[in-house]
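Notes follow once the structure below has been shown.
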Amino acid sequence: MIALGLESATELVGAAVADSSGVRGEQWSTGRRRHVESLAPAIEAVLAQCEVPLSGIEVVVVDVGPGLFTGLRVGVATAQGLAQGLGIGVLAVSSLEVLAAQALAGGWPGAVLAVVDARRGEVFTAAYESDGDVPGELLPPALRSPADLAAAAYEARSAASTTADVLAVGDGARRYAAELHGDAVVLAPPTFIGPSPAALVALGLARLRLGAVPVAAEVVAPLYLRPPDAKINWVQRQPVRARS
C-alpha cells in the first residue's frame, strides 16, 4: 500500500510518501505560518521525488491535531479533497502521538511527554511509551497550563512500565522548558520541535498493519481540544449583561 502523509498541525508543514518498504521521501518547511501556500507544493514535490503519480496513492494519512487551527483546517481539507478525488480512505493520526513516535523510534527507553504550543498561554499534552510498533498511550490528549507540565511529566513517569526519565518533546516543551523542572525530565533537542511528515506516514502504516481501517473523507475532523481562536475572540468582545 502506498500512503501519502499530510502534516500541518504546527509550523512544520509538509508531506511524505511511504509503502511497505518504509518511508520513500518527504518534503517540509517550517517557521512561516504559511500552511495554505506550503502544503500543496510539498505534496507535488514529494510525489515527484518518489516518482509516484497522484493516482498511485492508496490511502491518505493526515495529522488532525491538536495544533494550530488554520493548519489543521488546511491539512484536513486537503486530505478530504484528495481522498474524495481518488476514491480512497483517510487515516487520522494525532500530532501528539506522532511526536512520541519520533522519539520512541529513535530509541528512547522511557515515557515521552508530547507538548504542542496551543498559544494563549496553554499547551496540548499527551504521554506515551513504546508498545511494539506504535506508541502506547499513558495520558490522553489534554489542554493544560504550562504550570502543570511538571505534574504531567510526573504522572507519565508514574504510569510508565519503566523508571527511565521522561522525554519532553515538541514546540511547547521548548517554549516552556522552565516549567519542565525535575531530575527525571529530559528536554528533547530542537530536531523534535514538530511532528514530521515521515514520522506521521510511518505511524499511519504501522497502525494499518495492526488493523486500523481508513474512513470516508467526510467523517474526518480536526481535534481542536478547545474552541477556535475566532470564537474565543468573539465571545471576549461581547458585553457582559447585568443580572436581573
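The values are calculated or read from the model by the stated rules, or taken from the named source; none is laboratory data. The model shown is predicted, which means the values in this text are computed figures rather than measured ones. Backbone-built Cβ (ideal geometry, glycine too); neighbour counts: all protein chains shown.
Can you pull out the residues in segment 148-163 that are touching a strand residue (DSSP E or B) at 6+ places or on another chain (Cβ under 9 Å) and not in a helix (DSSP H, G or I)? Within segment 148-163, ALA160, SER161, THR162 qualify. Count of segment 35-49 residues, restricted to those that are crowded, with 19+ Cβ neighbours inside 10 Å and in contact with a Gly (Cβ under 6 Å, 6 or more places away or on another chain), is 3. Against the numbered list (1) over 27 Å from ALA168 (Cβ atoms); (2) surrounded by fewer than 22 Cβ atoms within 10 Å (Cβ to Cβ); (3) within 16 Å of the chain's Cα centre (by Cα), ALA79 comes up short only at (2). Checked against (1) within 19 Å of ALA18 (Cα to Cα); (2) in the same structural domain as GLY204 (by TED's automatic domain parsing); (3) without any contact (Cβ under 8 Å) to a residue 24 or more places away in the chain, ALA77 passes all but condition (1).
In the condition set (1) in the same structural domain as ALA217 (by TED's automatic domain parsing); (2) under 14 Å from the mean Cα position of the chain (by Cα); (3) farther than 25 Å from GLY211 by Cα, ASP117 is compliant with all but (1). A count restricted to segment 204-244 and to residues that are loosely packed, with under 11 Cβ neighbours inside 10 Å, in a loop (DSSP other than H, G, I, E, B) and modelled with pLDDT under 95 stands at 7.
A Cβ distance below 6 Å, combined with a sequence gap of six or more or placement on separate chains, defines the contacts here; from segment 1-28, residues that are over 22 Å from LEU72 (Cα atoms) and among the hydroxyl-bearing types (Ser, Thr, Tyr) reach no residue that is modelled with pLDDT of 95 or more and assigned to a loop (DSSP other than H, G, I, E, B). When you go through VAL112, VAL134, VAL93, VAL98 one by one, which is the residue that is touching a residue at least 24 places away in the same chain (Cβ under 8 Å), surrounded by fewer than 22 Cβ atoms within 10 Å (Cβ to Cβ), of a type in the set (A, V, I, L, M) and within 24 Å of VAL61 (Cα to Cα)? Matching residue, one of VAL112, VAL134, VAL93, VAL98: VAL134. Considering segment 1-118, the qualifying helices (runs of 4 or more DSSP H), each wholly inside and each with 1 or more residues that are of a type in the set (S, T, N, Q) and out of contact with any strand residue (DSSP E or B) (no Cβ under 9 Å at 6 or more places or on another chain), run over 69-86. The residues in segment 48-70 that are farther than 25 Å from ILE193 by Cα and aliphatic (A, V, I, L, M) can be counted, and the count is 5.
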